[in-house]
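Structure first, then comments.
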Amino acid sequence: MVHATRRQLLTLLGGAAAAWPIASRAQQSAMPVIGFLRSTSLGDATHLVVAFRQGLRETGYIEGQNVTIEYRWAEGHLDRLPALVADLVRQPVALIVGNTPSALAAKAATTTVPIVFVTGGDPVIDGFAVGLNRPGGNATGVSFLTSAVVTKRLELLRQLVPKAPRLGYS
C-alpha cells in the first residue's frame with residue numbers, strides 16, 4: 001500500500017485475479033467472474049477499463065476466454081452502490097475491483113469476497129486496513145497519495161541521515 005506507478009497498479013490488479021483462493025475458484029463456474037465497480041460512469045472510466053483489461057491480459061486472463069468481467073456503474077449516484085455490490089455478491093463474483101467509494105461500499109457489504117481498491121488517500125484512514133503493516137480484512141489495494149507513507153519515508157530519511165540540516169521529499 002505504497003505510492004505506485006500505473007504499471008505496478010496493473011500488475012497488482014492482474015496479480016490479484018491470479019491469486020484468488022482455490023476454495024473460491026471451486027465455488028465459481030468454470031470461468032471466474034470479476035466485479036468491476038465504479039461510482040462514476042463508463043465515460044469517466046473508459047481508460048481505466050482499457051488499462052484493467054491490459055493488466056489482466058499481461059497475467060494471462062482474457063475477458064470472454066478465461067475470465068468474465070461484470071461491470072457496474074453508479075453514474076455518480078453513491079446511493080446506488082449498495083445495490084450494485086449486492087448484485088455482484090449474488091452472482092457470485094470471485095473478486096470486486098473498485099475506486100474508493102465503490103470499494104468502501106463493497107467492504108461494508110461483504111467480509112468474504114476479496115476487494116481490490118485504488119485510492120488517493122490513506123487506506124487506514126479510509127477504513128480499508130487496520131494498519132499498513134498488518135492490514136487484515138478482505139481488502140487490498142494501491143494508494144497513490146498517502147500522507148502516512150510520506151511521513152514514514154521522511155522518518156526513515158532522518159534515521160539514515162540524522163545530521164542533515166534539511167530533508168526534502170518529492
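The values are calculated or read from the model by the stated rules, or taken from the named source; none is laboratory data. Quick caveat: nothing in here was measured; it's all calculated off a predicted structure. Every residue, glycine among them, receives a Cβ derived from its backbone with ideal geometry; neighbour counts consider all protein chains shown.
A few remarks follow.
- Residue in the stretch 124-144 that is exposed (fewer than 15 other Cβ atoms within 10 Å of the Cβ), touching a residue at least 12 places away in the same chain (Cβ under 8 Å), over 18 Å from Leu81 (Cβ atoms) and in contact with an Asp or Glu (Cβ under 8 Å, 6 or more places away or on another chain) present: no
- Taken over the stretch 40-93, the criterion of being among the charged types (D, E, K, R), surrounded by 12 or more Cβ atoms within 10 Å (Cβ to Cβ) and within 28 Å of Ala30 (Cβ to Cβ) is satisfied by Arg53, Arg57, Glu58, Glu63, Glu70, Arg72, Asp87.
- Subset of the stretch 94-112 that is β-branched (Val, Ile, Thr) and crowded, with 22+ Cβ neighbours inside 10 Å - its residue that is nearest to Pro123 (Cα to Cα): Val97
- The single residue among Ala129, Ala108, Ala94 that is out of contact with any Pro (no Cβ under 6 Å at 6 or more places or on another chain) and at pLDDT 80 or above turns out to be Ala108.
- Options Phe117, Phe36; residue that is touching a strand residue (DSSP E or B) at 6+ places or on another chain (Cβ under 8 Å), within 30 Å of Thr151 (Cα to Cα) and assigned to a strand (DSSP E or B): Phe117
- Qualifying residue in the stretch 57-77 (condition: closer than 20 Å to Ala139 by Cβ and assigned to a helix (DSSP H, G or I)): no
- Among all residues of the stretch 79-91, there is none that is touching a Phe, Trp or Tyr at 6+ places or on another chain (Cβ under 6 Å) and not hydrophobic (A, V, I, L, M, F, W, C).
- In the set Asp44, Asp79, only one residue is closer than 25 Å to Thr119 by Cα and at pLDDT 95 or above; that residue is Asp79.
- Note on the stretch 1-41: residues that are at pLDDT below 90 and closer than 28 Å to Asp122 by Cβ amount to 21.
- Hey, Val118 in contact with a Leu (Cβ under 8 Å, 6 or more places away or on another chain), over 16 Å from Asn99 (Cβ atoms) and either at pLDDT 85 or above or surrounded by 11 or more Cβ atoms within 10 Å (Cβ to Cβ) (or both) or not: no
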